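Working notes, beginning with the structure itself.
The values are calculated or read from the model by the stated rules, or taken from the named source; none is laboratory data. Just so we're clear, the structure is a prediction, and the values are computed from it rather than from any experiment. Cβ coordinates were reconstructed from backbone atoms using ideal geometry, including for glycine residues, and neighbour counts include every protein chain displayed.
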Amino acid sequence: MASEFDELEEYVTAEMRSTYTDTVIDHAMNPRNVGSIPNADGFARVTGPCGDT
């Protein structure tokens, strides 16, 4: 018997697959390019129009 969590996980996964491609899901579940860039020579800070970032 599936738990409520298992049922919820199946529902969310089905909804995700109906909206996003397999590539998008793969990148979301297995992020690339995470972390600091070695020997970075630039810096930026972005503030959104509403100022909350």
Q) Restricting the search to region 10-26, which residues are surrounded by 10 or more Cβ atoms within 10 Å (Cβ to Cβ), hydroxyl-bearing (S, T, Y) and in a helix (DSSP H, G or I)? A) Y11, T13
Q: Mind listing whichever residues of region 36-53 are at pLDDT below 90 and either surrounded by 10 or more Cβ atoms within 10 Å (Cβ to Cβ) or on the phi > 0 side of the Ramachandran plot (or both)?
A: G51
